[in-house]
Ligand code: ARG
């Protein structure tokens, strides 16, 4: 049981004894970490909340509760301010916790008792279109959420819902037939398809007739023309090969790649069914889902406010020309995930601009009788140094591949400066681990809803909340053990904590089991990133204040155990963020 839960149980027991029948039966005492360590490790406002309900004096109630809890083996208690109860964990209790963590591969993170089947939809770039920075954020955040959810015990299915059936294929088909450079395609398929798409796009702007020619190609594709289907298939295939290279470099894996085209055959029947049941209506030839008036206008995803008036903002599921839309595919995708995978919960890691789209499809799905836990896990933008959307020098969208290549290049310089004597092969490996780690950590340490400035120097700095700082901390801990190669420990002997720096490091280590599940409360990896940064800082302070190898006996043993557990926790936590660790740096 994690420490706050232990304290909540003890506190609830004491409140029951003190208040007897006047304790409201539904009351759950909550205990939270103290923001300021002067007020202990944890605190609770339960006495204040209850005193109000029972019309008694909060401090007096807190006093009675503290007396009732008496001599507790977990913590000492104090009352503060108007009736807060502060809990200070005893060093012996931390010591026992750490010992059990040392014997536990899960490092105190409990497996949940009710696992759910969670489908996570993330990354999802569009074939031959620019991969925008939104895809970078989605890819990194989605992967971490999948790792954490899996580790706490959920049945997680990751699905890369790539955009492989858009109107862009009209231009690509014409481009493929007329301006494709086959050898460039071999070399870098994503790059070449993108070049073709951009080039045709530009030509269409100059010669609008070309647009019609491209549309003809698209219609041919949609009606099953063999040649065009063949080209489309190759486009998707080479793009996937290119994407897989990037995901491999990022150490990211998908269970499925069911792109938009996978649902093509389901779209017609889906729309017909919705028309027949009256859930969708015709409007100017298009088929739409309108507001059903079941919620107040401000909560209604099918209404928008314009000049102070509420106007219909339907979800279009078939255009007047018979074409289907992004929303139609997403409804069919929901059906598939619910029926075939028995999904309890479906998470979409997609940028904030698509909020309205997801509100509409979730509401539509509920109306279709399939209620479920659907979540849009939104995020803000990445900005350039000028605080405008992050672009390359020539003003184009930044590709994920370019970001990774540059990160590794820059990390090579960092490694060269730090360890000039390292051999070339190792340097290369370490630079990859550091560079990719830096990009991931810069993303994951942000609150996902805020926009953040992409800054190479900051993310690769050896100081501050960066991957290199954390990786370097790990390497430092490990280097202690390299000096002790012929010493073996099974860490089963008890620990003795006395120094403040030891106790502070223990406090953080013992919290790992609280922090990891908390990431999923609101899908916020930055909670774990911030924790790991605090842990690394606590390790450095401890290492400065408390000699390890020069100490003796129990003290030395305890300090070594702290180092060991710190290394394991850093490695595990960074692993959940998808960040690897070098042996040396
Ligand atoms: N391909 C879409 C885009 O680039 C993202 C897809 C997200 N997933 C979904 N099921 N809609 O904007």
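Some notes on this structure:
- Scanning region 223-241 for residues that are surrounded by 12 or more Cβ atoms within 10 Å (Cβ to Cβ) and either in contact (Cβ under 8 Å) with a residue 60 or more places away in the chain or farther than 20 Å from residue 188 by Cα (or both) returns 225, 227, 228, 229, 232, 235, 236, 239, 240.
- Single condition residue 291 does not satisfy, out of (1) more than 27 Å from residue 523 (Cβ to Cβ); (2) away from the ligand (no atom under 16 Å from the Cβ); (3) in a helix (DSSP H, G or I): (3)
- Selection within region 478-501: residues that are within 36 Å of the chain's Cα centre (by Cα) and farther than 19 Å from residue 554 by Cα. The member of this set that is surrounded by the fewest Cβ atoms within 10 Å (Cβ to Cβ) is 482.
- Boolean, residue 298 is under 32 Å from the mean Cα position of the chain (by Cα) and either assigned to a helix (DSSP H, G or I) or loosely packed, with under 13 Cβ neighbours inside 10 Å (or both): yes
- Lone qualifier among 82, 115 - being part of a loop (DSSP other than H, G, I, E, B), more than 16 Å from the ligand (Cβ to nearest atom) and within 30 Å of residue 19 (Cβ to Cβ): 82
- For region 160-179, a tally of residues being within 16 Å of the ligand (Cβ to nearest atom) and either assigned to a strand (DSSP E or B) or without any contact (Cβ under 8 Å) to a residue 24 or more places away in the chain (or both) returns 1.
- Output for region 355-368, where each listed residue is surrounded by fewer than 16 Cβ atoms within 10 Å (Cβ to Cβ) and either free of Cβ contacts under 8 Å to residues at least 40 places away in the same chain or within 12 Å of the ligand (Cβ to nearest atom) (or both): 355, 366
- From the list 157, 140, 136, 190, the lone residue that is modelled with pLDDT of 95 or more, touching a helix residue (DSSP H, G or I) at 6+ places or on another chain (Cβ under 7 Å) and in a helix (DSSP H, G or I) is 140.
- Residues located in region 144-154, provided they are in contact with a strand residue (DSSP E or B) (Cβ under 8 Å, 6 or more places away or on another chain) and either buried (at least 24 other Cβ atoms within 10 Å of the Cβ) or not in a loop (DSSP other than H, G, I, E, B) (or both): 145, 146, 149, 150
- Total residues in region 436-452, condition surrounded by fewer than 16 Cβ atoms within 10 Å (Cβ to Cβ) and not in a loop (DSSP other than H, G, I, E, B): 0
- Annotation note: Cβ proximity below 8 Å between a residue of region 485-499 that is on the phi < 0 side of the Ramachandran plot and modelled with pLDDT of 95 or more and a residue that is surrounded by 13 or more Cβ atoms within 10 Å (Cβ to Cβ) and assigned to a loop (DSSP other than H, G, I, E, B) (sequence gap 6+ or interchain) occurs for 499/546.
The values are calculated or read from the model by the stated rules, or taken from the named source; none is laboratory data. A quick note: this is a predicted structure, and the numbers were derived from the prediction, not measured. When we count neighbours, we look across all protein chains shown, and the Cβ atoms used for this are built from the backbone with ideal geometry, even at glycine.
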